[in-house]
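Note sheet for the following structure.
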Number of protein chains: 2
Amino acid sequence: MTRFVDIEDMRQLVSLSGVAKFISQLVDYIEHDFRRWPEFDKTPRIASHSDIGVIELMPTADAELYGFKYVNGHPQNAFHNQLTVMAFGALAKTATGYPVLLSEFTLATALRTAATSVLGAKYLMRKDARQMAVIGNGAQSEFQIIGFHEVLGLTDFWLYDVDSAATEKLMGNLNACHGIRLHFCRSVEEAVAQADVITTITADKTNATIISSAQVKPGVHLNAVGGDCPGKTELAADILHHAEVYVEFTPQSRIEGEIQQMPADFAVTELWEVINGTRPGRSSVAAVTVFDSVGFAIEDFSALRLINDIATRHNIGRDIALVPSPKNPRDLYSLLVRPE
Amino acid sequence: MTRFVDIEDMRQLVSLSGVAKFISQLVDYIEHDFRRWPEFDKTPRIASHSDIGVIELMPTADAELYGFKYVNGHPQNAFHNQLTVMAFGALAKTATGYPVLLSEFTLATALRTAATSVLGAKYLMRKDARQMAVIGNGAQSEFQIIGFHEVLGLTDFWLYDVDSAATEKLMGNLNACHGIRLHFCRSVEEAVAQADVITTITADKTNATIISSAQVKPGVHLNAVGGDCPGKTELAADILHHAEVYVEFTPQSRIEGEIQQMPADFAVTELWEVINGTRPGRSSVAAVTVFDSVGFAIEDFSALRLINDIATRHNIGRDIALVPSPKNPRDLYSLLVRPE
């Protein structure tokens with residue numbers, strides 16, 4: 001049988017430790033997998049684009065497990081009060097192909113995206129950073145804030161969204177969180193004025209310039225999350241020219257990331273190289289670092305591993321008959337017409 | 001909610017019409033989709049190879065629906081009494097990314113593979129063909145025979161497998177089928193002697209020569225099903241040199257099909273071109289035709305459509321909470337921590 005984790009199961013699974021501790025565990029799992037990056041079978045995600053959205057498959061595998069995620073991006077869903085991003089994922093045994101886990105991954109995607117941002121900042125931001133601007137206060141913003149506070153000790157979050165209702169929602173959700181101070185801002189300028197870390201996590205599927213070069217002070221770390229598919233960027237190209245730019249998987253980031261604005265030979269460092277010590281991270285206190293994050297399959301793989309580990313340990317979810325268990329594997333016909 | 005069709009549901013779904021009529025419906029669905037081939041977003045399947053097997057994702061989409069299948073191939077599973085091929089698939093709305101169906105696809109893969117073979121033969125075999133050799137009597141062989149009998153009126157099936165227990169299993173399963181005559185053969189030579197159609201559907205992951213050129217008489221149609229991944233072929237290259245060769249999706253077939261043995265410019269015709277009338281099929285009664293079938297995503301898409309149509313009409317399967325339905329789509333956090 002294959003274990004199935006639905007939305008309610010995922011709530012239960014995360015509630016065992018709480019959101020903050022879950023993100024912290026996820027940072028550890030992703031860090032572990034990024035450190036052994038060369039062990040993975042890697043490919044840019046496979047995208048199917050339509051006029052109004054994209055549906056993607058994101059597979060990866062190591063010698064033990066194969067994982068993939070289905071995820072969409074449909075900004076216009078928001079106009080119909082629907083989610084713009086939905087996902088589900090599966091984990092199988094590499095040696096047999098047998099699927100062991102099928103899981104909701106909409107909530108998990110928000111959690112793993114925050115965990116990946118935190119992991120990038122753990123290696124790239126200034127150690128004394130405490131203040132973060134959060135530009136874009138949609139569905140993923142709470143997870144970013146909780147993760148940066150829990151794992152990296154950031155305390156002050158300067159919030160801006162073109163729709164102030166989003167900021168109010170965010171403040172309402174996190175106003176009781178001990179140690180987190182939230183500041184409502186009326187402009188990007190106001191939000192970034194104090195920031196050691198600038199997180200951009202907007203939803204528009206356009207080449208936007210959310211942040212201009214003049215707004216980026218020396219020593220800032222840019223956590224660029226929202227620019228994640230062709231034609232969707234958030235940073236002025238000028239910022240990238242003067243920054244140290246880090247990505248997940250270069251072939252995918254050149255298509256989807258902020259660096260789609262740059263020449264094909266624009267120098268970048270893959271984050272895993274910094275984590276396992278083969279390449280340097282931030283070169284100086286005054287350098288501007290950019291984590292041009294688009295989301296890579298290994299992050300989903302790490303999250304699927306964590307979900308599977310917790311679900312197995314606490315028996316969360318239920319068994320489903322996703323694949324047959326015939327008495328004679330060469331006799332599918334009997335299985336179909338004569339139930340055992 | 002997303003509809004989930006498990007193994008038992010699929011049994012029920014197919015039993016409404018029986019296997020023969022289900023395959024016949026599936027031929028109609030695949031034919032409909034092949035006829036409008038240019039409307040689909042197409043890509044070769046994305047394979048993750050290990051030393052002992054492969055796991056693949058097979059996506060495609062039209063303006064209305066997006067479909068994909070997960071499928072593995074692990075020949076050594078047979079030594080542990082496990083299935084060598086397992087699959088599941090999903091269907092989503094292209095305009096929103098919302099998943100409408102998640103379905104078992106192990107049984108469905110056997111059914112759609114037979115339906116695709118039947119569709120190829122419908123356009124390529126001699127109209128007076130009645131006799132088929134079936135080389136390889138494993139899990140898919142019953143479905144091939146039922147499909148060729150039901151849709152194309154073939155009556156006599158000459159069966160050979162290196163393991164005679166497989167042939168006995170096949171004969172036991174289909175011996176009560178009215179109008180189907182089964183002939184046990186002790187060699188490939190014996191099986192192909194009478195054959196108008198030769199179906200090769202063996203499981204070995206090697207460059208095997210199941211059929212040699214001398215065994216192929218003028219006018220035969222070769223339904224080459226088993227050669228379907230790099231390093232796995234069944235026909236002598238010499239056969240292909242003297243035959244009219246038809247494939248599903250050329251970029252994928254050059255990697256995976258019998259034509260992986262041939263130069264990159266070896267001439268082939270895509271089956272959909274014959275179906276919609278843009279290219280000729282069989283040139284003469286004496287020509288040898290080969291349908292070098294590897295399995296393409298549109299066939300799975302057609303099967304997912306059929307499964308979804310029947311399941312919806314007869315309310316088969318059950319709703320699962322695969323993706324969330326939040327009151328406020330920008331507030332995943334509340335959905336996670338404060339169940340509605």
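The numbers here are math on the coordinates, done by the rules we state, and not lab data. Owing to the predicted nature of the structure, the values given are computational and were not obtained by experimental measurement. Here the Cβ is made from the backbone with ideal geometry for all residues, glycine too, and neighbour counts use every protein chain on show.
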ask   = What percent does the relative contact order of chain A come to when contacts are Cα pairs within less than 8 Å and at least six residues apart?
value = 21 percent
message = If you fit an axis through the alpha-carbon atoms of helix A:106-124 and take the longest principal axis of the Cα set of chain A, what angle between them do you get, 0 to 90°, nearest 10?
response = 50 degrees
remark   = The pairs in B:Lys127/B:Lys217; A:Lys69/B:Lys327; B:Lys69/B:Lys93; A:Lys232/B:Lys327 lying past 20 Å Cα-Cα in this model are A:Lys69/B:Lys327; A:Lys232/B:Lys327
ask   = Sorted by packing (mean other beta-carbon atoms within 10 Å per residue), highest first, where do A:227-234, B:269-276 land?
value = A:227-234, B:269-276
remark   = Copies of A:Asp51 compared via label points 7 Å along Cα→Cβ give distances in nm, shortest first, of 5.2
inquiry  = How big is the dipole moment of the range A:125-295 about its Cα centre under a simple scheme where the beta carbon of each Lys and Arg is +1, that of each Asp and Glu is -1, and everything else is neutral? Debye, nearest 20, please.
reply    = 320 debye
inquiry  = Restricting to DSSP H runs of at least four residues, report the calculated mean residue ellipticity at 222 nm for chain B, -39500 (n - 2.57) per run over all residues, nearest 500 deg cm²/dmol.
reply    = -10000 deg cm²/dmol
message = With N set to the number of residues, divide the alpha-carbon radius of gyration of the range B:231-340 by 2.2 N^0.38 Å and report two decimals.
response = 1.75
ask   = Roughly how tilted is helix B:164-174, in degrees to the nearest 10 and between 0 and 90, from the longest Cα axis of chain B?
value = 70 degrees
query = Any idea what the A:Lys327 label distances to the other copies are, label 7 Å down the Cα→Cβ vector, nm, shortest first?
reply = 5.4
request  = Give me the Debye-computed log₁₀ of I(q)/I(0) at q = 0.10, 0.18, 0.20 Å⁻¹ for the range B:125-295, equal point scatterers on Cα only, no solvent, two decimals.
outcome  = -0.34, -1.15, -1.39
ask   = What do you get for Rg/Rh over the range A:295-340 if you use C-alpha atoms and the Kirkwood form of Rh?
value = 1.22
task = Starting from the Cα gyration tensor of the range B:56-164, take the square roots of the eigenvalues, sort them a ≥ b ≥ c, and report rounded, prolate or oblate (rounded when a/c is under 1.5, otherwise prolate if a/b is larger than b/c, else oblate).
result = oblate
message = Using a 10 Å cut-off around each Cβ, can you sort A:Tyr246, A:Tyr29 from fewest to most neighbouring Cβ atoms?
response = A:Tyr29, A:Tyr246
inquiry  = On C-alpha positions alone, give me the angle between the axis of helix B:297-314 and the longest principal axis of chain B, in degrees, nearest 10.
reply    = 60 degrees
ask   = How large is the dipole of chain B about the Cα centre if only Lys and Arg carry +1 and Asp and Glu carry -1, each at its Cβ, rounded to the nearest 20 debye?
value = 620 debye
query = By a straight-distance test (C-alpha under 18 Å), which lysines pair with A:Lys122 as possible cross-link partners, with residues fewer than eight away in the same chain excluded?
reply = A:Lys21
task = Using the Cα centre as the reference, give the magnitude of the dipole from point charges on the C-beta atoms of the range B:1-117 (Lys, Arg: +1; Asp, Glu: -1; all else neutral), rounded to the nearest 20 debye.
result = 100 debye
request  = Obtain the nm distance between the two label points defined at B:His242 and B:Val285 by a simple spin-label model: each point lies 7 Å from its Cα along the Cα-to-C-beta direction.
outcome  = 2.0 nm
note = With Cα springs under 10 Å, the Gaussian network model of chain A assigns the largest mean-square fluctuation among A:Ala243, A:Ala286, A:Ala195 to A:Ala286
remark   = Neighbour-count ranking for B:Thr250, B:Thr60, A:Thr94 (other C-beta within 10 angstrom, fewest to most) reads B:Thr250, A:Thr94, B:Thr60
message = Given the C-alpha atoms of chain B, compute the convex hull and give its volume per residue in Å³.
response = 149 Å³
note = Per residue of A:89-101, other chain Cβ atoms within 10 Å number on average 5
message = Just to confirm the numbers: B:Val285, label point 7 angstrom along the Cα-Cβ line, distances to the other copies in nm, shortest first?
response = 9.3
task = Return the average number of partner chain Cβ atoms within 10 angstrom of each residue Cβ along peptide B:48-55.
result = 6
task = Note down the nm distance, to one decimal, between modelled labels 7 Å out along Cα→Cβ at B:Ser213 and at B:Arg181.
result = 3.3 nm
request  = Could you please rank A:Glu168, A:Glu64, placing first whichever residue has the fewest other Cβ atoms within 10 Å of its Cβ?
outcome  = A:Glu64, A:Glu168
request  = Measure out, as a whole number of angstrom, how far apart the alpha-carbon centroids of the range A:212-255 and the range B:118-169 sit.
outcome  = 58 Å
message = I need the per residue convex hull volume for the protein assembly as shown, using only the alpha carbons, in cubic angstrom as a whole number.
response = 146 Å³
ask   = Across peptide B:165-178, what mean number of C-beta atoms from other chains lies inside 10 Å of a residue's C-beta?
value = 2
inquiry  = Test of understanding: in a Gaussian network model of chain B with alpha carbons linked when under 10 Å, which of B:Val225, B:Val100, B:Val288 would top the mean-square fluctuation ranking?
reply    = B:Val100
